[in-house]
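Data block below; observations after.
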Amino acid sequence: MAITDKIYIKNHQQLSSQLETSIPKGAFKGATLDILFQGEGLEKLDDATQERVLDFSSDFLDCGCDNNPYCGCPERKFIQYLLELRAQGMGPDAIVDVMSDDYMVYAYPGDVLSFLDNGVRTLEAAEGLAGVDGADDKQDEIRQTKQNLAR
């Protein structure tokens with residue numbers, strides 16, 4: 001299961017109430033993306049919530065794909081966002097706090113830790129393959145990336 005399947009809307013009930021419609025709790029579920037992408041009813045939200053929802057939409061849902069927002073770009077952009085937070089030296093708890101402050105979404109710190117750990121394991125495998133292939137420069141690059149993610 002992808003980390004984006006474990007990203008939830010903070011204050012879900014309050015947001016549903018303000019929008020006067022039921023939406024899934026998952027931030028990357030189809031119905032949630034429809035509401036955010038189409039912007040229907042966003043004027044009903046209070047100013048602070050509306051600002052964060054619009055930030056989420058512009059940061060993750062903005063791409064030129066024909067199938068937007070179902071093209072996979074929102075999920076890839078969000079994963080890149082998580083990796084950038086980790087590159088800044090944040091641990092799982094801090095990452096959850098920042099995503100919550102930035103976009104009113106949250107995840108469980110254990111899920112973030114699992115995502116980061118899986119990333120390290122994937123990089124270990126890629127590092128090994130680069131070594132077998134004789135791509136020493138690529139192996140060194142992957143090793144450095146892995147060390148930065150694991151710290």
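What the table shows:
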| item | result |
| --- | --- |
| Candidates Asp117, Asp140, Asp93, Asp101 - the one that is assigned to a helix (DSSP H, G or I), under 27 Å from Leu19 (Cα atoms) and of a type outside the set (Val, Ile, Thr) | Asp101 |
| Any hit, region 45-61, residues being hydrophobic (A, V, I, L, M, F, W, C) and either at positive phi or in contact (Cβ under 8 Å) with a residue 60 or more places away in the chain (or both) | no |
| Residue within region 88-107 that is open to solvent by 70 Å² or more (accessible area, probe 1.4 Å), among the polar types (S, T, N, Q) and over 30 Å from Arg151 (Cβ atoms) present | no |
| Extreme residue, modelled with the lowest pLDDT, among residues of region 30-47 that are in a helix (DSSP H, G or I) and open to solvent by 60 Å² or more (accessible area, probe 1.4 Å) | Phe37 |
| Residues (surrounded by 13 or more Cβ atoms within 10 Å (Cβ to Cβ) and either under 26 Å from Asp97 (Cα atoms) or not aliphatic (A, V, I, L, M) (or both)) located in region 124-139 | Glu124, Glu127, Gly131, Lys138, Gln139 |
| Failed item in (1) open to solvent by 60 Å² or more (accessible area, probe 1.4 Å); (2) within 21 Å of Ile79 (Cβ to Cβ), with Glu20 passing the rest | (2) |
| Residue in region 64-85 that is touching a residue at least 40 places away in the same chain (Cβ under 8 Å), assigned to a helix (DSSP H, G or I) and in contact with a Lys or Arg (Cβ under 8 Å, 6 or more places away or on another chain) present | no |
| Odd one out for Leu54, checked against (1) within 14 Å of Lys29 (Cα to Cα); (2) open to solvent by 40 Å² or more (accessible area, probe 1.4 Å); (3) over 14 Å from the mean Cα position of the chain (by Cα) | (1) |
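The values are calculated or read from the model by the stated rules, or taken from the named source; none is laboratory data. The structure presented is a predicted model; accordingly, all values stated were derived computationally and were not measured. Backbone-built Cβ (ideal geometry, glycine too); neighbour counts: all protein chains shown. We work out accessible area using only protein heavy atoms, side chains counted, and drop any ligands, DNA or RNA first. Shrake-Rupley method; radii C 1.70, N 1.55, O 1.52, S 1.80 Å.
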